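Encoded as structure tokens, the structure appears first; notes follow it.
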Amino acid sequence: MTGLHPFTGLALAASAVAVTLAASQWWLSLGMAAAALVLGALAGTARRLAVLSAAVLAPLWLSQLMVHALFDRTGSHVLAAAGPVRVTAEGLAAAGGLGLRTAAFVLVFLLYSLTVDRAGLIRTLDAAGIPAQLGYILAAALALVPATADRLRAIAAAQAVRGAGGRGVAARLRTARLRAVPLVLSAVQDAAERSVHLQLRGFPAGKDRTQYRSLVFRPWERTVSVLAPCLAAAAVVLLVLPRGA
Amino acid sequence: MSESLTLPSAGAAVPLRARLLPLLGALVIAATYLMLVLLQPAEAAAGLASWPAVAAFAGYLAGAVLLLAGVLPQLPTSVVALIPAALVLNIVLGQFVGSTLVPLYLDSIGTVLVGFLAGRSAGAATGVLGSLVWSLFNPTVLPFAAGAALIGFLAGSAARLGALRPYVAVVAGFITGIVAGVVSAPVAAFVFGGTSGAATGALVAMFRAMGDSLLASVTKQALISDPADKAVTFLVAALLVMALPRRIRLQFPLPARAAARRARS
């Protein structure tokens with residue numbers, strides 16, 4: 001998705017996820033997940049995509065396995081049974097189907113997140129007439145994540161020098177308090193000071209202000225951005241209605 | 001006299017859009033929940049039904065976005081500047097608490113803090129924005145945006161009713177946990193077929209083994225996990241607000257209003 005306008009990538013990712021959820025077929029989920037991995041490899045982010053998605057998916061898959069496969073009461077093809085544990089072919093199929101559907105959802109959105117030009121996305125939101133507050137909040141939050149993590153490390157080092165730490169629940173809670181309180185207080189104080197500077201500069205300014213960055217939204221991308229969600233919506237209705245009705 | 005560029009005009013009325021959109025968002029979320037609970041098909045017990053997954057995802061997300069669209073343009077700049085800090089606190093403190101082996105999530109302290117300082121609209125907006133920003137790192141939080149908005153909204157409502165006192169904060173957090181857990185359960189059940197963690201998944205599996213439906217099992221698990229987590233979150237947020245210097249605290253709407261009330265009486 002590198003090189004695409006942020007809205008084109010978002011439209012494609014959201015459409016792919018909507019159709020995968022609505023179809024709920026293991027082969028489509030598998031295809032979407034594989035396509036996301038291939039596109040990630042082509043964009044040079046395969047490793048990050050695999051690591052991030054594994055961190056998100058591992059606990060989810062474990063949970064789905066426990067909920068659907070280990071204690072299935074309804075399946076007729078029993079593969080193993082011991083006490084309350086009853087593993088059935090139907091339960092394993094349900095857990096596998098859900099696992100693949102979740103994997104497709106996570107991989108497609110993470111691929112978009114890793115390949116989108118984040119500054120471009122914020123500029124695009126601004127240009128689309130969406131309130132400037134949204135662009136500011138997204139940009140500030142993304143910039144503040146590493147800064148706040150660094151500050152937490154610095155506070156932890158300073159508290160360690162003071163002798164904070166130790167084993168046991170009480171010591172852990174005390175350590176958490178000694179780190180969290182200065183972190184939160186400094187974050188709120190910074191925010192209060194930042195708001196003064198924003199107000200002095202007339203934030204949020206109107207739409208017609210000078211922009212230092214422009215993004216090209218090519219005609220074919222405009223068409224895809226409209227067409228893909230419309231086709232996906234039609235597919236979702238066709239897929240869902242016969243089963244839901 | 002020319003209009004001030006930096007101060008809101010006195011007595012400015014709230015536009016109709018700002019009143020209607022959040023109301024519409026809340027109605028969409030409530031309608032989605034009722035539809036999922038009342039019309040859940042038999043196949044949903046296996047977690048693989050497609051329309052409840054689509055309805056839970058689309059309905060909750062659409063409701064949360066409508067709510068955000070109505071609230072965001074009305075927020076004062078002091079609150080807009082606070083929201084990114086709160087979102088980052090959610091992420092950083094959530095990860096930090098997870099690493100200390102304390103069996104709680106505590107990943108909504110920032111949202112509750114904004115609700116306590118800036119009111120229910122700002123709290124709800126922070127909840128939705130937190131889900132949007134966090135979804136860039138973990139897309140599974142995206143469908144839970146409505147639940148996060150509810151936590152922020154209830155934190156703001158609780159602050160108006162005096163939840164900044166520690167013992168009231170615990171009770172308010174407990175009640176918020178019940179409501180948020182019940183509202184978020186359909187997403188966990190129908191979109192993900194369970195929960196996002198191994199320990200909570202074991203609880204859901206236990207209820208399923210006892211014969212409960214998937215939605216009932218996830219709801220019961222949420223009623224065990226969420227109230228305790230939110231009670232501690234509300235207590236921590238209330239203590240943090242009390243620890244703020246008065247000079248900083250009074251820059252935000254709710255403490256400023258409370259101080260003005262105290263000065264009048």
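Per-residue answers, yes or no, for (1) of a type in the set (A, V, I, L, M); (2) modelled with pLDDT of 85 or more; (3) buried (at least 21 other Cβ atoms within 10 Å of the Cβ); (4) more than 23 Å from the chain's Cα centre (by Cα):
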position: B:VAL179; (1), (2), (3), (4): yes, yes, no, no
position: B:VAL182; (1), (2), (3), (4): yes, yes, no, no
position: B:ALA185; (1), (2), (3), (4): yes, yes, yes, no
position: B:GLY211; (1), (2), (3), (4): no, no, no, yes
position: B:ALA228; (1), (2), (3), (4): yes, yes, no, no
position: B:THR233; (1), (2), (3), (4): no, yes, yes, no
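Considering segment A:148-158, the residues that are more than 8 Å from every other protein chain (Cβ to nearest Cβ) and among the aliphatic types (A, V, I, L, M) include one that is farthest from the chain's Cα centre (by Cα), namely A:ALA158. Annotation note: of B:VAL133, B:VAL191, B:VAL204, the sole residue that is closer than 22 Å to A:LEU142 by Cα and within 10 Å of another protein chain (Cβ to nearest Cβ) is B:VAL133. Which residues, counting only those in segment B:216-241, are closer than 21 Å to B:GLY94 by Cα and within 14 Å of chain A (Cβ to nearest Cβ)? Of everything in segment B:216-241, those that are closer than 21 Å to B:GLY94 by Cα and within 14 Å of chain A (Cβ to nearest Cβ) turn out to be B:GLN221, B:ALA222, B:SER225, B:VAL232, B:THR233, B:LEU235, B:VAL236, B:ALA237, B:ALA238, B:LEU239, B:LEU240, B:VAL241. Consider A:ARG218 carefully, then state whether it is of a type in the set (Lys, Arg), within 18 Å of B:ILE83 (Cα to Cα) and modelled with pLDDT under 90. No, not satisfied.
Condition check ((1) modelled with pLDDT under 85; (2) buried (at least 19 other Cβ atoms within 10 Å of the Cβ); (3) within 15 Å of the chain's Cα centre (by Cα)) across all residues:
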residue	(1), (2), (3)
A:SER76	yes, no, no
A:LEU98	no, yes, no
A:VAL106	no, yes, yes
A:LEU110	no, yes, yes
A:SER113	no, yes, yes
A:ILE122	yes, yes, no
A:ALA127	yes, no, no
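Scanning segment A:168-197 for residues that are aliphatic (A, V, I, L, M), over 29 Å from the mean Cα position of the chain (by Cα) and within 9 Å of chain B (Cβ to nearest Cβ) yields A:VAL169, A:LEU173, A:VAL196. Would segment B:29-40 turn up any residue that is at pLDDT 55 or above, in a loop (DSSP other than H, G, I, E, B) and either within 14 Å of another protein chain (Cβ to nearest Cβ) or farther than 25 Å from B:ALA145 by Cα (or both)? Yes. Within segment A:180-191, the presence of a residue that is modelled with pLDDT of 85 or more and surrounded by fewer than 12 Cβ atoms within 10 Å (Cβ to Cβ) is excluded. Sort out which residues of segment B:164-201 are hydroxyl-bearing (Ser, Thr, Tyr) and part of a loop (DSSP other than H, G, I, E, B), and write them in order of number. Those that are hydroxyl-bearing (Ser, Thr, Tyr) and part of a loop (DSSP other than H, G, I, E, B): B:THR195, B:SER196. Residues that are touching a Lys or Arg at 6+ places or on another chain (Cβ under 6 Å) number at least 1 in the following helices (runs of 4 or more DSSP H) confined to segment B:212-265: B:214-243, B:253-264.
A count restricted to segment A:129-161 and to residues that are over 18 Å from B:VAL88 (Cβ atoms) and modelled with pLDDT of 85 or more stands at 5.
For (1) more than 30 Å from A:LEU70 (Cα to Cα); (2) at pLDDT below 75, each residue gets a yes or a no:
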position: B:VAL14; (1), (2): yes, yes
position: B:LEU20; (1), (2): yes, no
position: B:VAL71; (1), (2): yes, no
position: B:THR77; (1), (2): yes, no
position: B:LEU101; (1), (2): no, yes
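Can A:ALA233 be described as under 25 Å from the mean Cα position of the chain (by Cα), more than 30 Å from B:THR111 (Cα to Cα) and within 11 Å of another protein chain (Cβ to nearest Cβ)? The answer is yes for A:ALA233. Of all residues in segment A:37-91, those that are of a type in the set (Ser, Thr, Tyr) and over 18 Å from A:ARG101 (Cα atoms) total 4. Taking first residues from segment A:84-109 that are outside any strand (DSSP E or B) and partners that are among the charged types (D, E, K, R), the Cβ contacts under 8 Å between residues at least 6 apart in sequence or on separate chains come to A:GLU90/A:ASP72; A:GLY91/A:ASP72; A:ALA94/A:ASP72.
The values are calculated or read from the model by the stated rules, or taken from the named source; none is laboratory data. All values derive from a computational prediction rather than experimental measurement. Note: ideal-geometry Cβ built from the backbone for every residue, glycine included; neighbour counts use all protein chains shown.
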